[in-house]
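Below: one structure, written as structure tokens.
The values are calculated or read from the model by the stated rules, or taken from the named source; none is laboratory data. A quick note: this is a predicted structure, and the numbers were derived from the prediction, not measured. Here the Cβ positions follow ideal geometry from the backbone for every residue, glycine too, while neighbour counts run over all protein chains shown. The accessibility values were calculated without ligands, DNA or RNA, using every heavy atom of the protein model including side chains. Shrake-Rupley method; radii C 1.70, N 1.55, O 1.52, S 1.80 Å.
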Amino acid sequence: MGRLFGTDGVRGVANADLTAEMALGLSVAAAHVLAEAGTFEGHRPRAVVGRDPRASGEFLEAAVVAGLASAGVDVLRVGVLPTPAVAYLTGELGADLGVMLSASHNAMPDNGIKFFARGGHKLADELEDRIESVYEEHRTGAPWDRPTGAGVGRVRDYEEGSDRYVAHLLGVLPNRLDGLKVVLDEAHGAAAQVSPEAFRQAGAEVVTIGAEPDGLNINDGCGSTHLDKIKAAVVEHGADLGIAHDGDADRCLAVDDTGAEVDGDQILAVLALAMRERSVLRSDTVVATVMSNLGFKLAMEREGIRLVQTAVGDRYVLEEMKEHGFALGGEQSGHVIILDHATTGDGTLTGLLLAARVAQTGRRLAELAGVMERLPQVLINVPDVDRTRVGTSAELSAAVSDAERELGETGRVLLRPSGTEPLVRVMVEAADIEQARSVAGRLADAVKSALG
């Protein structure tokens, strides 16, 4: 069996790849592994379980709850809430684990299971591997000690979860949003209720789109992966800015008052300056991935803020932040982590802080985001090549060196092998888009020649 856990939990087409039986079995295994790891510390274990509004989440939630309760875990069922809300409540309520059912920005037929450890933290790879191992043992018939009688877990709905999460968000804000008009695109997803409520309580005038989930329309032509609707809505309503979430609201992208996109790099730049001004940007450092735009790096250098870059993936950003105590990190895609107030990316929190900066300064978002200039990026996927030789091919290394000399300090080259497919991604940034295209094309040819 191949590894079930990917970079963000277990995902697949619901009721085909990800079945009720798998959800139940993984939940039992997670309970056993975390208990053996000493997480439960001698008391009756408790779990927080939440989901996004996908139709398949209803039966998968039932399977997860059944699995946990059958393993002797008490369950607090929080219903439809964003992933960061489930992570927050796991920590705030002193639960031993959290479970979120969502496939994030994926289309409706998909779903996923994500586990959080005590404190609302993502599981380390070794714990995920152990959960898989125990799951496979049980699936193939290995017996396990099933509690009976009073030993089985009890299940109750925790209806206070939404209010508690909103109160947490409001408590983080450095200032109110009075006088701002904000358009929110909720992707018909998990934040359709809590995000507008938080913005309204913070003082903003709120216009919502994509906030009528029916179980089938999540991410359907809306949200952070489809910005056309929110761009039009911001202009139509004369709003100061727009915030677009994905299905589980662990990330956001923004739109300024002209309808122009403000991506994750620009959001990080705005928040980094705001946090430094409040003396909460520890070590004057921000963490981002190697895919961040070169314009972001140049802007941070100019502003005297140190940039630490990691491999692609918010988990690597988070690991770097936790290891060195940094306060802010994120990705161009809109995953932004404010570690003092969240254990994972939180799109609602990010959007609130971005709006708070607009309200506090009285400046337009376009002006604030202008602290960095996004350099043109050209990305080419080169298929059917031996991606394992990217770092060892002398021919390819020479081609990259030639490209870097041509681009100079105002350009950048990145070759990244796919983790799952026989392809290599060629990314080139340059101040001139035609130069970027030309260099990227030549590098793609070099990849085919050297690794084909």
Q) If you go through region 72-89 one residue at a time, do you hit one that is touching a residue at least 24 places away in the same chain (Cβ under 8 Å), part of a helix (DSSP H, G or I), open to solvent by 30 Å² or more (accessible area, probe 1.4 Å) and not aromatic (Phe, Trp, Tyr)? A) no
Q. Of all residues in region 139-176, which are open to solvent by less than 80 Å² (accessible area, probe 1.4 Å), part of a loop (DSSP other than H, G, I, E, B) and not hydrophobic (A, V, I, L, M, F, W, C)?
A. Gly141, Pro147, Gly153, Tyr158, Pro174, Asn175
Q | Whichever residue in region 309-336 is aliphatic (A, V, I, L, M) and free of Cβ contacts under 8 Å to residues at least 40 places away in the same chain and, among such residues, is nearest to Arg278 (Cα to Cα) | A | Met321
(Q) Any residue that is touching a His at 6+ places or on another chain (Cβ under 9 Å) and at pLDDT below 95 - is there at least one of those in region 33-49? (A) no
Q) Do we find that Arg374 is open to solvent by 60 Å² or more (accessible area, probe 1.4 Å), modelled with pLDDT under 95, among the basic types (Lys, Arg) and assigned to a loop (DSSP other than H, G, I, E, B) in this structure? A) yes
Q) So Gly179 clears everything in (1) part of a loop (DSSP other than H, G, I, E, B); (2) open to solvent by 60 Å² or more (accessible area, probe 1.4 Å); (3) farther than 23 Å from Arg363 by Cα except one condition, right? Which one? A) (3)
Q.
Take Arg306 and tell me if it is under 27 Å from Val426 (Cα atoms), of a type in the set (Lys, Arg), without any contact (Cβ under 8 Å) to a residue 24 or more places away in the chain and surrounded by fewer than 22 Cβ atoms within 10 Å (Cβ to Cβ).
A. yes
Q: Could you look through region 309-347, keep only residues that are hydroxyl-bearing (Ser, Thr, Tyr) and open to solvent by 20 Å² or more (accessible area, probe 1.4 Å), and pick out the one that is nearest to Glu186 (Cα to Cα)?
A: Ser333
(Q) Looking only at region 118-138, how many residues end up being under 27 Å from Glu186 (Cα atoms) and open to solvent by 20 Å² or more (accessible area, probe 1.4 Å)? (A) 3
